[in-house]
Amino acid sequence: VQLQASGGGLVQAGSSLRPSCAASGSIFSINAMGWYRQAPGKQRELVAAITRDDSTNYADSVKGRFTISRDNAKNTVYLQMNSLKPEDTAVYYCAAGVAGQRGYAYWGQGTQVTVSS
């Protein structure tokens, strides 16, 4: 499985962004996809995840502002980020979980999101 993330950028607080993550390869084995982020000096944290049956979960810090979704025809997962805050600044990574392996086994390269105040 290969993951290609894109769609980050530099925006002002209160703005929106929608990073995307395109999957290729053995996509039939993917049973969940997630978005993580890592800010400087902080640990990587799960932001949002979506399973094969479209169950979703979110970090408390983004609930009500971020929405994860997927387009199966395009093999792409999106993270709609609204009402962005400076504390959302981080490198955002997409990840894929596959059958037979624990956790998220495959990772994209990351896309930078910077929110200015």
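The values are calculated or read from the model by the stated rules, or taken from the named source; none is laboratory data. Since we're looking at a predicted model, the values are computed, not measured. Cβ placement follows ideal geometry from the backbone for every residue including glycine, while neighbour counts extend to all protein chains displayed. To get the accessible areas, we keep the full protein, side chains included, count just its heavy atoms, and leave off ligands, DNA and RNA. Shrake-Rupley method; radii C 1.70, N 1.55, O 1.52, S 1.80 Å.
See the values below:
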{"read-out": "Within segment 1-12, tally of residues that are farther than 17 Å from Val91 by Cα and open to solvent by 50 Å² or more (accessible area, probe 1.4 Å)", "value": "1"}
{"read-out": "Residues of segment 67-94 classified as in a strand (DSSP E or B), free of Cβ contacts under 8 Å to residues at least 24 places away in the same chain and either farther than 15 Å from Gln4 by Cα or touching a Gly at 6+ places or on another chain (Cβ under 8 Å) (or both), total", "value": "2"}
{"read-out": "Only one of Val115, Val98 that is of a type outside the set (Lys, Arg), open to solvent by less than 60 Å² (accessible area, probe 1.4 Å) and within 16 Å of Arg37 (Cα to Cα)", "value": "Val115"}
{"read-out": "Ser15 being in a loop (DSSP other than H, G, I, E, B), open to solvent by 30 Å² or more (accessible area, probe 1.4 Å), within 18 Å of Val113 (Cβ to Cβ) and among the polar types (S, T, N, Q)", "value": "yes"}
{"read-out": "Among the candidates Leu79, Leu84, residue that is surrounded by 19 or more Cβ atoms within 10 Å (Cβ to Cβ) and over 13 Å from the mean Cα position of the chain (by Cα)", "value": "Leu84"}
{"read-out": "Matching option when the condition is modelled with pLDDT of 95 or more and either closer than 20 Å to Ser16 by Cα or in contact with a Pro (Cβ under 7 Å, 6 or more places away or on another chain) (or both), among Ser55, Ser83", "value": "Ser83"}
{"read-out": "Some residue of segment 37-57 being closer than 14 Å to Ser6 by Cα and crowded, with 20+ Cβ neighbours inside 10 Å", "value": "yes"}
{"read-out": "Number of the condition not met by Ala22 [criteria: (1) surrounded by 15 or more Cβ atoms within 10 Å (Cβ to Cβ); (2) hydrophobic (A, V, I, L, M, F, W, C); (3) out of contact with any Phe, Trp or Tyr (no Cβ under 8 Å at 6 or more places or on another chain); (4) farther than 17 Å from Thr111 by Cα]", "value": "(4)"}
{"read-out": "Residue satisfying all of: in segment 18-39; in contact (Cβ under 8 Å) with a residue 12 or more places away in the chain and not in a strand (DSSP E or B); nearest to Val98 (Cα to Cα) among these", "value": "Ser29"}
